[in-house]
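Here is the structure we will look at, set down as structure tokens.
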Amino acid sequence: MQKVFDFIVVGGGSAGCVLASRLTENNAVNVLLIEAGSDDKSVAIHMPVGSAAMVPSNYKNWAYQTTPQKGLNGRRGYQPRGKVLGGSSSINAMIYIRGHKDDYDDWQELGWGWDDVLPYFKKSETNAVFHDELHGVQGPLKVDNSRSNHPVADAFIKAGRALGYKYCHDFNGIDQEGVGRYQVTQVNGQRCSAAKAYLTPIRSRKNLTILTNTSVTKLLINDKKCQGVEIKHQGELINITATNEVLLAAGAFTSPQLLLLSGIGANEDLEPFGIKQALELPGVGENLSDHLDYISAYQANTHKIFGLSLKGCVFFSKELVKYAVKRQGIFSSNFAETGGFLKTDPKIARPDIQYHFVIAVVKDHARNWQAALKHGYSAHTCVLRPKSRGTVKLSSANAFDAPLIDPNFLGEDEDVQTLLKGVRMASEILEHPEMSCFKKSSIDKEYQLSDEALIAQIRENSDSIYHPVGTCKMGVDDMAVVDASLKVHGIKGLRVVDASIFPNLIGGNTNAPTMMVAERAADFIKQEWQLT
Ligand SMILES: Cc1cc2nc3c(=O)[nH]c(=O)nc-3n(C[C@H](O)[C@H](O)[C@H](O)COP(=O)(O)OP(=O)(O)OC[C@H]3O[C@@H](n4cnc5c(N)ncnc54)[C@H](O)[C@@H]3O)c2cc1C
């Protein structure tokens, strides 16, 4: 096995695939991409509805648990993360969202304002529908309208409009506010993960080596320089050297874990595990922020929607044939076909609530099978910029033990109040007559509950909608882990390039923003090493 490379990319997820692809555009550069999970050859990945098999199980999924959450009545949350080439983009819901323009202008001081990042969103994207100054037409990531247009998902839009909310024809356009249809990262009715977009077309490059089923166990730090990584490959521990840089792209949970395992972090986080400190960097694993999701679920009066029944089997058999022949219909659905970005207070500048309208009854991440068997639909409400912050810390010095993930959900009362208002607004939409032709009954009858009872219900049932960020945040303050070019403060030859570098959560889903971060990082690296 070759043991020296110019660059080592740790983690073949949304960010890692972009880095590996962009850096190997220069054939003088040798890149090693290391992925703990498997290759991405599975129908569950490529057929959009396959996420229903992956998200609730440990198939291609790290399936982490959080620590008991005080704000959620002591329950442990669930945190699925992709463990496969493509990372979480191989198991996610494929919604293509960039966030609000002003979210990036909040990062302006770091040189990551909207005008700085827009070219990289466009560089990554080929949009099959929108061809304007805000969208890309030549990027590897294919974005399209969904090929499943379920009428109940449209009823959600109609009900929202009847209540006076704007219609948004492009959530990534000039104005994000309103209700509308999500665009999806799909091509020809199949998932377009980061691996499919960035790796599949260039797998034969001679200067790219991909090791799957191989875990990085620590970074090799000597005299404040990262010299490579230790990997576990086919049962053996092996050291691999990076002559230029190691690029840590293991995601918002594992990137801080690997830094801590390598002695980079606060001494008090390392000492209990006997880890020798290489650098005091107190922000590692701090500042965890995630979108908390409350689900208002309804039973439908039709079997032509996800659920299980005899009549439903006939419908789904026909739909399967339709998908096999035309790559259309309910099997191409990403489940969350429509939704919206709304304000709980008209005076605020940006929408503070996002809705995912899902054409299935989803309870406990689809792990509650009794609920999933019912034909129905659900509206997911999340607070876009939560104030609560949590942590990711070590549970042991063993790289194969999951880290302690504490999102501190509903740690701040403001988040409780905003979510309460958002769930009330969801109930108004779901109870509107425009929904009545599909409605059998509300499962939890949120609209009948007092504020106190609804808050209790929120604490008992909410959990992540899978957007953890911020645990190796970019910045210049004492708690920042990386600088504006994503280099780890105080360590040479090491950058973090993934969702963990976000200083705070953006107002939307996090896959496209993470890929934008990696596109820009690739340009920084090429400039620094004169690779263009
Ligand atoms: C179920 C689900 C649904 C989602 N839905 C959407 C959506 O619809 N739209 C959207 O925009 N976002 C969505 N997201 C979020 C989005 O997918 C993530 O924010 C994004 O993929 C994060 O990218 P990343 O590169 O930071 O991490 P990841 O993509 O998770 O990549 C990290 C990679 O590192 C690997 N790795 C970890 N540890 C090691 C190690 N020690 N050695 C080697 N490799 C390692 C992992 O296996 C993984 O492949 C969803 C996420 C999930 C989990």
Practice item. Would you compute, for the Cα atoms of the stretch 255-319, the largest minus smallest coordinate along each principal axis and list the three values in descending order, in whole Å? Key: 62, 24, 18
**Study point:** Debye log10 I(q)/I(0) for the chain, one point scatterer per Cα, at q = 0.07, 0.08, 0.11 Å⁻¹
**Key:** -0.36, -0.48, -0.92
**Study point:** Residue exposure sequence - CYS313, CYS17 - by fewest surrounding Cβ within 10 Å
**Key:** CYS313, CYS17
**Study point:** Pairs beyond 31 Å (Cα-Cα), from LYS224/LYS393; LYS196/LYS232; LYS322/LYS363; LYS70/LYS196; LYS225/LYS387; LYS122/LYS445
**Key:** LYS70/LYS196; LYS225/LYS387; LYS122/LYS445
Point to revise | Dimensionless Rg/Rh of the stretch 422-532 - Kirkwood Rh, Rg from C-alpha atoms | key: 1.23
Practice item. Would you mind putting 296-303, 353-360 in packing order, based on average other-beta-carbon counts within 10 Å, highest first? Key: 353-360, 296-303
Check your understanding: Once you charge only the Cβ atoms, +1 for Lys and Arg and -1 for Asp and Glu, what is the size of the charge dipole of the stretch 340-379 about its Cα centre, to the nearest 20 debye?
Key -> 20 debye
Practice item. Please give every one of the aspartates and glutamates within straight-line cross-link reach of LYS439, meaning a C-alpha to C-alpha distance under 16 Å, and leave out same-chain neighbours fewer than 8 residues apart. Key: ASP154, GLU428, GLU431
Check your understanding: Using the Cα gyration tensor of the stretch 10-159, with a ≥ b ≥ c the square roots of its eigenvalues, what is the shape: rounded (a/c below 1.5), prolate (a/b larger than b/c) or oblate (neither)?
Key -> rounded
Revision key, fill the gap. Loop-resident chymotrypsin sites (Phe, Trp or Tyr not before Pro) in the stretch 399-459 with no more than 16 other Cβ atoms inside 10 Å, DSSP not H/G/I/E/B, are PHE400
Check your understanding: In terms of the Cα gyration tensor, with a ≥ b ≥ c the square roots of its eigenvalues, is the stretch 160-257 rounded because a/c is under 1.5, prolate because a/b exceeds b/c, or oblate?
Key -> prolate
Check your understanding: What per residue convex hull volume, in Å³, do the alpha-carbon atoms of the stretch 193-243 yield?
Key -> 113 Å³
Study note, to complete from the structure: Expected sort for 179-188, 51-60 on mean C-beta neighbours within 10 Å, highest first, is 179-188, 51-60
Check your understanding: Got a sec? How would ASP415, ASP106 order by Cβ neighbour count within 10 Å, fewest to most?
Key -> ASP106, ASP415
**Study point:** Computed helical MRE - 222 nm, the chain, DSSP H runs ≥ 4 contributing -39500 (n - 2.57), nearest 500
**Key:** -7000 deg cm²/dmol
Review point. What's the center-to-center distance, using Cα atoms, between the stretch 66-103 and the stretch 302-316 in Å?
Key: 29 Å
Point to revise | Mean-position separation - Cα centroids, the stretch 220-245 and the stretch 136-179, in angstrom | key: 45 Å
Review point. What aspartates and glutamates could a cross-link reach from LYS487, if we take a straight Cα to Cα line under 13 Å and drop same-chain neighbours fewer than 8 places away?
Key: GLU245, ASP498, GLU528
Review point. Can you give the extra length, in nm with one decimal, that the chain gains between GLU236 and ARG424 once fully stretched, where that is 0.36 nm per residue apart less the Cα-Cα distance?
Key: 62.2 nm
Exercise for review: Sort the following peptides by mean Cβ neighbour count (other Cβ atoms within 10 Å, averaged over residues), highest first: 69-81, 237-249.
Suggested key: 237-249, 69-81
Practice item. Give the distance, in whole Å, between the Cα centre of the stretch 1-43 and the Cα centre of the stretch 402-464. Key: 41 Å
Practice item. Return the lysines within reach of LYS166: Cα separation strictly under 21 angstrom, same-chain partners fewer than 8 residues apart disregarded; answer none if there are no such residues. Key: LYS101, LYS158, LYS343, LYS347, LYS421
**Study point:** Rounded, prolate or oblate (a/c below 1.5 giving rounded, otherwise prolate when a/b exceeds b/c) for the stretch 1-93 by Cα gyration tensor
**Key:** prolate
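Only the coordinates and a few stated rules stand behind these numbers; no lab work does. Remember, predicted model here, so these are calculated numbers, not experimental data. Note: ideal-geometry Cβ built from the backbone for every residue, glycine included; neighbour counts use all protein chains shown.
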